[in-house]
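K.L.:
Please see the structure below; I have some questions.
Computed from the coordinates by the stated procedures, all read-outs in this text should not be read as laboratory data. All values reported here derive from a predicted model rather than from experimental measurement. No Cβ is skipped: glycine too gets one built from the backbone with ideal geometry, and neighbour counts run over all protein chains shown.
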Amino acid sequence: MKHDIVIIGSGLGGLLCGYILSKHGYGVTVLEKNPVVGGCMQSFKRKGFLFDTGMHYIGSMDEGQVLHRFWKYFSLTDTIKLRKLDEQAFDIVSYNGIRYPSGMGYERYVENLSAYFPNERAALNKYTAIIQQVANSSPVSRLEESDDLLPLSVDYVKTSVSDYIDRITTDGVLRNVLVGNLPLYGGERGRTPFYIHAFIHNSYIEGAYRIVGGSQTIANQLTDSIRQMGGEVLENSEVVGIQGDINQAKRVVLKDGRIIEGSYFISDIHPQQLISLLDENMVKRSYCRRVRQLENTIGSMTLYIGFKQGKVPYLNSNFFHYNVSDIWSCGNYNEDDWPKGYLFMHQAPVDGGDFSNSALLISYMHFEEVSRWEGTKIAKRGVDYEQFKKCHAERMLVALEKEFPGIRENIAYYNVSTPLTYEDYTATTEGAMYGVTRDVTSPIQTVISQQTYIPNLLMTGQNTNSHGMLGVTNGAMLTCSKLLGLNTIIRDINNAR
């Protein structure tokens with residue numbers, strides 16, 4: 001049997017493409033190598049505590065805002081429960097001993113920071129105006145039908161976050177505070193394009209929410225919808241090869257020997273993993289060489305923390321802490337000064353109460369630190385690896401205790417993941433938090449198009465557009481537009497009720 005659409009990977013991009021194309025009558029089959037769908041949306045339970053792996057909070061979710069409109073179309077608004085973050089301080093940037101609150105809504109955002117930087121109000125107004133302009137700069141962002149898909153301004157693509165913010169203000173402290181959410185995109189000084197920062201920060205300032213019950217609920221709902229529309233989502237179905245020629249992909253081969261033929265194929269896996277699956281006669285060497293040479297963003301170590309019942313008040317803000325003068329330097333650490341900073345986030349209580357049940361503590365970590373254990377199996381990496389995790393977890397907890405005195409005595413359980421863990425569970429190359437690194441010094445070479453050189457082989461996911469719920473959703477639209485036309489999809493979204 002030949003399928004209309006075969007999608008490799010059930011991350012957010014793969015499931016959204018599956019939904020859009022199923023809704024338009026295509027026969028869709030989504031293939032997931034793991035027993036659980038979701039990719040970076042996976043949630044898991046340990047000792048009764050619920051944890052998310054990759055998607056921790058989402059933005060632009062107030063009524064009428066862009067992601068809320070997407071969710072209506074994807075039938076998510078009535079099924080996924082959300083909890084709004086603190087409107088006075090959805091993010092807190094802890095820097096130089098002061099906690100700077102990010103207010104929700106642009107007027108509140110400027111007012112809150114102006115209290116700490118009274119002479120920088122004009123700079124703050126300029127900053128917020130620019131990121132709104134970038135975030136609404138294309139018809140896709142505005143969900144407007146158009147025959148002209150305007151690209152982003154060259155200035156936003158070829159200017160780095162650090163350079164753009166340096167243009168806006170000369171205040172060194174404010175420069176650091178404005179990039180206090182750097183771990184949300186793994187930014188690098190002089191390299192990360194301004195548009196990535198602008199899209200992400202704009203989204204959260206507009207309306208930031210946590211997902212009650214974990215981000216797995218999103219993956220499960222999309223999976224159910226695809227199946228209800230006649231599509232298939234097959235777990236435990238790892239693709240180990242793609243067959244065809246340079247003009248056409250014809251079939252995929254699964255690890256268990258099954259062969260699935262298709263008319264179109266969409267990859268929701270890392271581009272480097274995709275090209276490794278291609279038959280030799282499908283390989284365009286210049287393209288594959290470029291993909292292999294792509295750098296990936298930094299990885300992380302995460303502590304999944306379970307609290308004693310009724311002991312830790314729920315923190316309805318995301319807490320970014322830094323113990324360095326230059327926030328951009330957090331990825332340039334050594335054995336003695338790690339961690340230079342961390343992100344601390346509570347999971348939204350399922351019972352809607354005022355006490356937290358679980359939280360995540362995240363700090364940068366390079367894959368090279370754990371690469372010596374690559375190729376070993378989960379839970380069988382040896383004593384040295386367990387000692388490595390224990391030592392680094394202790395250092396993170398010591399750092400957390402300094403900002404939240406007494407919190408350690410209220411921890412009932414914790415588990416640790418490294419970039420190697422993340423690579424194993426989410427199939428993300430080198431455990432990179434955000435996939436391929438975008439670089440203003442090489443803007444064309446570090447952008448991956450949805451369309452590969454093989455006409456019926458497309459890509460989706462965080463590597464083709466941008467990461468996060470909004471970035472991947474926009475990317476899925478662009479992928480599906482290759483079959484449906486972008487205006488058709490935008491019209492459907494705008495007509496959703």
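K.L.:
Can you pull the semi-axes for region 296-435, root of five times each eigenvalue of the Cα gyration tensor, sorted largest first, whole Å?
P.N.:
So the three semi-axes of region 296-435 are 25, 18, 15 Å.
K.L.:
A further question follows. Which distance in nm do the two modelled labels at Arg46 and Glu144 give, with both placed 7 Å along the Cα-to-Cβ direction?
P.N.:
Placing both labels 7 Å beyond Cα along the Cβ direction yields 4.8 nm.
K.L.:
Cα-Cα pairs above 16 Å in region 140-207: how many percent?
P.N.:
The share of Cα pairs beyond 16 Å in region 140-207 comes to 53 percent.
K.L.:
If you filter region 1-80 for trypsin sites (Lys or Arg not before Pro), then keep DSSP loop positions with at most 14 other Cβ within 10 Å, what is left?
P.N.:
Listed in order of number, the matching sites are Lys47.
K.L.:
Something else: Excluding residues fewer than 8 places away in the same chain, name every one of the aspartates and glutamates whose C-alpha is closer than 19 Å to that of Lys81.
P.N.:
The reachable aspartates and glutamates, counting only those whose Cα sits under 19 Å from Lys81, are Asp52, Asp62, Glu63, Glu206, Asp224, Asp351, Asp354.
K.L.:
Related question: Just subtract the alpha-carbon distance of Ser153 and Ile259 from 0.36 nm times their residue separation and send over the number in nm, one decimal.
P.N.:
33.7 nm
K.L.:
Using the C-alpha gyration tensor of the chain, what are the square roots of 5 times its eigenvalues, in whole angstrom, with the largest one first?
P.N.:
Taking √(5λ) for each Cα gyration eigenvalue gives 34, 27, 23 Å.
K.L.:
Pop a pseudo-label 7 angstrom from the Cα along the beta-carbon direction at both Ile378 and Ala496 and give the gap in nm to one decimal.
P.N.:
About 3.0 nm separates the two model spin labels.
K.L.:
Report relative contact order for region 296-435 in percent, whole number only (criteria: Cα-Cα under 8 Å, sequence separation at least 6).
P.N.:
About 39 percent, as a whole number.
K.L.:
What Kirkwood Rh does region 423-497 have if only Cα atoms enter the pairwise 1/r average? Answer in Å.
P.N.:
13.8 Å
K.L.:
Quick one: order Ser325, Ser267, Ser22, Ser94 by neighbouring beta-carbon count within 10 Å, fewest to most.
P.N.:
With the sparsest Cβ surroundings first, the list reads Ser325, Ser94, Ser22, Ser267.
K.L.:
Hey, another quick one. Could you tell me the extents of region 29-146's C-alpha atoms along the three principal axes, largest first, rounded to whole Å?
P.N.:
55, 48, 25
K.L.:
What net charge do the residues around Val447 carry, taking every other residue with its C-beta under 14 Å from that of Val447, with Lys and Arg at +1 and Asp and Glu at -1?
P.N.:
Surrounding charge for Val447 is +2.
K.L.:
While we're here: Please check which bits of region 458-497 a label hung off Asp78 would reach, taking the label as a point 7 Å along Cα-to-C-beta and the cut-off as backbone N under 20 Å.
P.N.:
Under cut-off, by backbone N: 492-497.
K.L.:
Test of understanding: what is the full-extension gain from Ser325 to Gln387, defined as 0.36 nm times their sequence separation minus their Cα-Cα distance?
P.N.:
Result: 19.3 nm gained on full extension.
K.L.:
Can you tell me the FRET efficiency between Tyr413 and Glu63 if r is taken as the Cβ-Cβ distance and R0 is 41 Å, rounded to the nearest 0.05?
P.N.:
FRET efficiency, Tyr413 to Glu63: 0.65.
K.L.:
Using 0.36 nm per residue of separation minus the Cα-Cα distance, give me the extension gain between Glu403 and Val283 in nm, one decimal.
P.N.:
Gain on extension, Glu403 to Val283, equals 38.0 nm.
K.L.:
Something else now. 7 Å from Cα along Cα→Cβ at both Arg227 and Asn487: what's the point-to-point distance in nm?
P.N.:
Here the modelled spin labels are 3.8 nm apart.
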